[in-house]
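Worksheet: the structure to be examined is printed underneath.
The values are calculated or read from the model by the stated rules, or taken from the named source; none is laboratory data. Computed from a prediction, not measured in an experiment: that's the story for all the values here. In this analysis, Cβ positions are derived from the backbone assuming ideal geometry, glycine residues included, and neighbour counts consider all displayed protein chains.
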């Protein structure tokens, strides 16, 4: 057998190996692409969750502000009542 006779046999063996390697490599690339897309979706879901939490914190802060304002008004009213009830000192 000469080298020229071995070329078709070598190509017969090489092409399937290259095909399998291309499929495996392509599969890995596809898996990495899918993973990247899923991570973007997860990041988007996490961002949505954080946005909701921030909104809840803002609402809680607004409630606290209104409660503090109510307490300040009550304190002012109580101070005014006590000041008016105190007898004047001679």
### Cβ pairs under 7 Å, 6+ apart, first in the range 40-52 and part of a helix (DSSP H, G or I), second surrounded by 10 or more Cβ atoms within 10 Å (Cβ to Cβ) and modelled with pLDDT of 80 or more
none
#### Entry: Hey, residue 84 assigned to a helix (DSSP H, G or I) and at pLDDT 90 or above or not
no
